[in-house]
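Have a look at the structure below, then the notes.
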Amino acid sequence: MANKPLVIIAAGGTGGHMFPAAAFAEEMRARGWQVGLISDARGLSYADSFPADWKEEVAAASPNIRKPWTLPSAVLKIWRGIGRANRLMKSRKPALVAGFGGYPAFPALSAARRCEVPIIVHEQNAVLGRVNRQFASKAAFVASGFPRLDKLPAGVRHEPVGNPVRAPIAAMRGAPFPPTSGDLNIFITGGSQGARILGQIIPLAIAFQTPPPLRARLKIVQQVREEQLDEVRAIYEEVGLRHELRPFFADMAERLAAAHLIIARSGAGTVSEISAVGRPSILIPLKIAMDDHQAANAEALVDVDAADVVLEDNLYPNLLGELIKVRLENGEELEARAARAKDAGTVTAAQDLAELAIEAASC
């Protein structure tokens, strides 16, 4: 173990940062590297099964200039985090630090720069996040989940490798598109942020704005917030729609593969997983997302005619119901959209990123 090179992964905040970081970590370990993970308490809550040889918690904070009274404590946390990360760099002696975004990555990337450890950055979204933006010009390269990457500083090496996806998702890339002659499966996933509106509008659109002959063929699988389960169930039961509702699905790969149509937010991980499996979708970007990055993410599938986008401001049951009807009543076009989604996706991002990372470490 002592002779193996070490890569420290700095990530946190949400699963959107941790899941691709975990896929990269798995690939690096397969290539004979040690992997360490640095994050804050929230980031480590997503890391129970993270493939690392060790995990370390550092203090981190996101300064909010709109609440100036919080700035002193935030700055203090950041300095504490940098100090802790700096000690880790000196004791662990990594060959490389890889930042996957989120404010918990800031202390490790800062300490790496102080200790002259090479850094790389991976941005999951189509808009470079604030922490990644700060270190982009200091990194050996900036890799990204999408070909489009807004707010990238001029002169920075850009490698659009895609987003690393989890192994179960990658395994579904070869799953054939389900036949469209019988039942039609709609999979609805909302994520943790701003999902309430999806639970309010989508059931009304499907239950009351699709024609009865189509409705009789539908099977609905929907992620629903715990407090909305009874409300959503009542809507589907009123019109006799077959449905399965849960706050969380552990078998996302199988659910994606079985779907004829996916309705979802357009977070980076969601868009990448939809395109990795290859399924048509209706994407509803989170309106409050920083720099409107979810709308930018969605363009990767919209531009190849594999997805539709419905903005929250236009999310009305009658409009959404008509769009669902149009998509599901044309089986040939559904299958063609699935193929175009797959062509836009990749399951080799982790391998491609690992090759670039090893090259950067050896320079």
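The values are calculated or read from the model by the stated rules, or taken from the named source; none is laboratory data. Here the structure is a predicted model, which means the values were calculated and not measured. Cβ sites come from the backbone with ideal geometry, for glycine too, and all protein chains shown count toward neighbours. Accessible surface is based on the protein model in full, side chains and every heavy atom, while ligands, DNA and RNA are left aside. Shrake-Rupley method; radii C 1.70, N 1.55, O 1.52, S 1.80 Å.
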Give me the pairs, please: first residue somewhere in region 98-110 and under 20 Å from GLN34 (Cβ atoms), second residue anywhere and among the acidic types (Asp, Glu) and at pLDDT 90 or above, beta-carbon distance under 8 Å, and either six or more positions apart or on two chains.
none
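Listed residues ASP291, ASP303; which is modelled with pLDDT under 95, open to solvent by 50 Å² or more (accessible area, probe 1.4 Å) and among the acidic types (Asp, Glu)? Don't jump to the end; show me each part of the working.
Numbers: ASP303 fails: modelled with pLDDT under 95.
Of ASP291, ASP303, the one residue that is modelled with pLDDT under 95, open to solvent by 50 Å² or more (accessible area, probe 1.4 Å) and among the acidic types (Asp, Glu) is ASP291.
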Counting only residues that are open to solvent by less than 10 Å² (accessible area, probe 1.4 Å) and on the phi > 0 side of the Ramachandran plot, how many does region 92-101 have?
1
Screening ALA298, ALA257, ALA205 for residues that are in a helix (DSSP H, G or I), within 17 Å of LYS325 (Cβ to Cβ) and modelled with pLDDT of 95 or more leaves only ALA205
Which of the residues spanning region 33-58 are under 15 Å from PRO94 (Cβ atoms) and part of a loop (DSSP other than H, G, I, E, B)?
TRP33, ALA52, ASP53, VAL58
Does GLN124 qualify as being more than 16 Å from GLU355 (Cα to Cα) and open to solvent by 20 Å² or more (accessible area, probe 1.4 Å)?
no
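Based on what the data block shows, is ARG130 in contact with a helix residue (DSSP H, G or I) (Cβ under 9 Å, 6 or more places away or on another chain) and either over 20 Å from HIS17 (Cα atoms) or free of Cβ contacts under 8 Å to residues at least 60 places away in the same chain (or both)?
Numbers: in contact with a helix residue (DSSP H, G or I) (Cβ under 9 Å, 6 or more places away or on another chain): yes; either over 20 Å from HIS17 (Cα atoms) or free of Cβ contacts under 8 Å to residues at least 60 places away in the same chain (or both): no.
In short, no.
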Any residue in region 29-58 that's among the β-branched types (Val, Ile, Thr): show its pairings with residues that are open to solvent by 30 Å² or more (accessible area, probe 1.4 Å) and not in a strand (DSSP E or B) at Cβ separation under 8 Å, as long as the two are six or more apart or on different chains.
VAL35/ARG29; VAL35/ASP53; VAL58/ARG80; VAL58/ARG84
Can you name the number of the only condition in (1) part of a helix (DSSP H, G or I); (2) touching a Gly at 6+ places or on another chain (Cβ under 8 Å) that ARG113 fails?
(2)
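Which of the following residues is open to solvent by 60 Å² or more (accessible area, probe 1.4 Å), in contact with a strand residue (DSSP E or B) (Cβ under 6 Å, 6 or more places away or on another chain) and not aliphatic (A, V, I, L, M): PRO118, PRO147, PRO160, PRO104?
Details: PRO118 fails: open to solvent by 60 Å² or more (accessible area, probe 1.4 Å); PRO147 fails: in contact with a strand residue (DSSP E or B) (Cβ under 6 Å, 6 or more places away or on another chain); PRO104 fails: open to solvent by 60 Å² or more (accessible area, probe 1.4 Å).
Sole residue among the options that is open to solvent by 60 Å² or more (accessible area, probe 1.4 Å), in contact with a strand residue (DSSP E or B) (Cβ under 6 Å, 6 or more places away or on another chain) and not aliphatic (A, V, I, L, M): PRO160.
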Can you pull out the residues in region 332-363 that are at pLDDT below 95 and of a type in the set (Gly, Ala, Ser)?
SER362
Given the options ARG327, ARG337, ARG279, name the one that is open to solvent by less than 10 Å² (accessible area, probe 1.4 Å), in contact (Cβ under 8 Å) with a residue 12 or more places away in the chain, in a helix (DSSP H, G or I) and of a type in the set (Lys, Arg).
ARG337
Restricting to region 288-316, count the residues that are under 13 Å from ALA268 (Cα atoms) and among the charged types (D, E, K, R).
2
Yes or no: PHE50 touching a His at 6+ places or on another chain (Cβ under 6 Å), open to solvent by less than 40 Å² (accessible area, probe 1.4 Å) and modelled with pLDDT of 90 or more?
no
